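Written out below as structure tokens is the structure these notes cover.
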Amino acid sequence: MSAAFMHLIQPFSIVLMIFGDVLGIIFGAIPGLSGGLAITLLLPLTFTMSANDAITLLAAIYVGGVSGGFISATLIGIPGTPGSVATVFDAYPMSQKGETVKALGVGIIGSFIGTFLSCLIAMFVTQYVARLALMLGPWEYFSLCICAITLVVTLSNGNMFKGLGGACIGLLLSTVGFAPVDGANRFSFGNINLSSGINMVAMMLGLFAVCQVITNYGKKQQALPDVSNIKVSGFGVSIKEILESMKTIVISFFMGLWIGFLPGMGAALSNVAAYAQAKSSSKHPEKFGTGCVEGIFASEVSNNASIGGAIIPLVALGIPGDGAGALLLSALLLQGIESGPMLLVNQPTLVYVLFIGILLSAVITLLLQFFGMRWFPKLLMIPYHYLFGAVTLICFVGAFAATNTLFNCLLMVILGIFGLLMAYIGVPVSPIILGYVLGGNIETYLRKGYSYSGGTFVEFFTRPASLIFLLIAVFSVLWNLFGSKIKAKRARKVN
Amino acid sequence: MKKERLIGIGMMAFGAIMCFLTSQITIPGWASAGDIGSRFFPYFASVGLILCGLGVLLSAKKAAPSEPFMNKEGVKRIALLLLVLIVYIALMSVVGFLIASPILLYVVVTMLAGEKNPKPLPKIIFSVVTTGVIYILFVHVLSIVLPTGMLF
């Protein structure tokens, strides 16, 4: 732990963290961009860095990205990221009442509390989770991954079959190239560039960035609202108001932490859930939605608490809790580092660089946001066409830098078209990405489990933990299919 | 409803194609006995896809009429932008990054700006400066190679 701390207080690391935080905040604040996109764009940059530096930078972007979403939510009523949807409900009305600074102040403090405390908790809990994890074998991991992907699909809105289909597509995409164990060359159609699989950078850049640029262009969505007449000065929130909201803060915090911990769910769910809970348990629910401090706290504390929550399974099990976590995992893979429960044992310094990096980034974000408040409106005045023009170029540079081939740029564009097709038919992108990122591991666990058992699948069902995970997965699918009908039957019986 | 049914059928068809392609995978001679083989997992995913497609097909309900995803004009715009991007890749292989990129930026910025139609000079300055900044950042600071093309 001390080695990690020593690494992080070096000037270069501090510069990286400030740069990452600023970039993350900017990307998180501008609707249409996100912290995940920033991580994706900078992934190729991390090739030549050491693993510690790469993690420092990307973790800072992650923190900045989740925090930054509240800025545009407050100023223009559009959430910068899905994690700040509920923030709009109270931050925007408060801003419209003229209390912009207060709204921003609450958002900043709430974000800090969420990130800092959840990360502290993660630091202490992870080792126990990792120890538990070491008792698990490939059977349990296979079932856990299947369970995680299934939960992502069944707990989100939208057609479950399309979501699961997307996951299957992701799994198929992950099989391109050389297979684990026996090295069979799959689906590369003789193309040497595909023999090592579909490049992860091309996948991320194509499915997220390029797809977004193309879609926006096709739909003519470009204009960001006018923010030129918003003035920001001073601080705005009093200690008294913070103490009054303490109960909401604490409950929202633990909700965010738990939701972030569960695979498949993160800031996008926790902010809305915490807001709904705060509103329904409040003595003055009618104040919510008109610009009340508690509402903003509920949303921002929980979405940032999900960061710490998501880091636990990421480090202890190698299972990302959300898209940005998957990107952090990709960054580790690109550095040649194996994720999974042995990460804590093999690379303790790296793990603590991540934790302490997040803690320090939270502090830096707090300071940056308080002192930078008056520049926030300017962020949203950057003309769309310059911004996304630059983003497009950076995508190509990133794709080329990943494999030193122009083929990868072409692959990225093709995947962008693929993303467009998926959007058209209504298949969500998260399960595709999860299937793709986890597919290699899932297959390896499946094959290892099968061969360790001597050539049978029985143990996947006889080992208790594995069976439990599989049952949860099956149950969640069945509930999704029949749950509403069962609830309706019960309601009719009551009547 | 028809679109949903077609999507379901499409998913099943794609799954079936993947099944066929999976059967064509050549397994190396040193495959071991206690292993399920490299065809199992793609079969697993393909069959899953077929089942999901079936689910989409069977659960297709009459959806409320909503905005079409994209109109014909949008499709034309997208095709044009994609053409620009692909031409850029080809251009990079011939003249290299430093020449192709300012051209790309100028064209893309003009396309994205649409009716706003900014003046040429700011666009030229933006294109050249951005290319320069990125070039210096990636090539000199981070030592990452960028395409040099056939002319250089």
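Quick note: the coordinates plus some simple rules give every number you see, no bench work behind them. No experiment lies behind these values; they were computed from the predicted model shown. As a convention, Cβ positions derive from the backbone with ideal geometry for all residues, glycine included, and neighbour counts pool all protein chains shown.
Give me the dipole magnitude in Debye, nearest 20, for chain A about the Cα centre, with unit charges on the beta carbon: positive for Lys and Arg, negative for Asp and Glu.
On the way: 24 positive and 16 negative charges, 272 e Å.
About 1300 debye.
In Å and whole numbers, how far do the C-alpha atoms of chain B stretch along each principal axis, longest first?
60, 55, 24
Projecting each Cα onto the charge dipole of the protein assembly as shown (Lys/Arg +1, Asp/Glu -1 at the beta carbon, about the Cα centre), which of A:Leu334, A:Phe189, B:Val145 comes out farthest on the positive side?
My answer, from the dipole projection, is A:Phe189.
Can you tell me the 0 to 90 degree angle between the C-alpha axis of helix A:348-372 and the longest principal axis of chain A, rounded to 10?
Around 20 degrees separate the two axes.
For chain B, modelled as a Gaussian network with Cα springs under 10 Å, which listed residue fluctuates most, B:Leu98, B:Leu80, B:Leu58?
The residue with the greatest mean-square fluctuation here is B:Leu58.
Taking A:Lys448 as the anchor, which aspartates and glutamates have their alpha carbon closer than 14 Å to its alpha carbon, excluding any fewer than eight residues away along the same chain?
Excluding near neighbours in sequence, the set is A:Glu140, A:Asp182, A:Glu459, B:Asp35.
Pairs A:Lys162/A:Lys219; A:Lys162/A:Lys485; A:Lys220/A:Lys485: which exceed 30 Å Cα-Cα? Kindly include the intermediate steps, with their values, before the conclusion.
On the way: A:Lys162/A:Lys219 23 Å; A:Lys162/A:Lys485 20 Å; A:Lys220/A:Lys485 41 Å.
Over 30 Å Cα-Cα: A:Lys220/A:Lys485.
With a ≥ b ≥ c the root eigenvalues of the C-alpha gyration tensor of the protein assembly as shown, is it rounded (a/c under 1.5), prolate (a/b larger than b/c) or oblate?
Working: a/c = 1.34, a/b = 1.10, b/c = 1.22.
Rounded, since a/c falls under 1.5.
Over all residues in A:205-213, what is the mean tally of Cβ atoms on other chains that come within 10 Å of each residue's Cβ?
Numbers: counts 0, 0, 0, 0, 0, 3, 0, 0, 4.
Neighbouring Cβ atoms belonging to other protein chains average 1 per residue here.
On each of the three principal axes of the Cα atoms of segment A:291-356, give max minus min coordinate, whole Å, ordered largest first.
48, 20, 16
Using Cα atoms only, what is the angle between the long axis of helix A:464-494 and the major principal axis of chain A, expressed in degrees (0 to 90) to the nearest 10?
60 degrees
Could you give the angle, 0 to 90 degrees to the nearest 10, between helix B:2-23's Cα long axis and the longest principal axis of the Cα atoms of chain B?
Once rounded, one gets 80 degrees.
In deg cm²/dmol and to the nearest 500, what is the mean residue ellipticity at 222 nm of the protein assembly as shown if only DSSP H runs of at least 4 residues count, each as -39500 (n - 2.57), divided by the residue total?
Details: 28 runs with 456 residues, N = 647.
Helix contribution divided over all residues of the protein assembly as shown: -23500 deg cm²/dmol.
A:Lys247: which lysines have alpha carbons under 21 Å from its alpha carbon, excluding same-chain residues fewer than 8 sequence positions away?
Partners within reach: A:Lys102, A:Lys279, A:Lys283, A:Lys287.
Straight-line reach from A:Lys489: which lysines have a Cα under 22 Å away, not including same-chain ones fewer than 8 places off?
Partners within reach: B:Lys61.
Would you please classify the overall shape of segment A:1-89 from the alpha carbon gyration tensor, given that a ≥ b ≥ c denote the square roots of the eigenvalues, rounded means a/c under 1.5, and beyond that prolate means a/b larger than b/c while oblate covers the rest?
On the way: a/c = 3.08, a/b = 2.10, b/c = 1.47.
Cα axes put segment A:1-89 in the prolate bin.
Which of the peptides A:243-255, B:17-29, A:334-346 is most tightly packed, and how do the rest follow, going by the mean number of other Cβ atoms within 10 Å of each residue? All intermediate terms of the calculation are to be shown ahead of the outcome.
On the way: A:243-255: 19.5, B:17-29: 13.3, A:334-346: 16.0.
The densest-packed peptide leads the list: A:243-255, A:334-346, B:17-29.
Across peptide B:84-93, what mean number of C-beta atoms from other chains lies inside 10 Å of a residue's C-beta?
Details: counts 1, 12, 4, 0, 6, 10, 2, 0, 4, 2.
Going residue by residue through B:84-93 and averaging, the value is 4.
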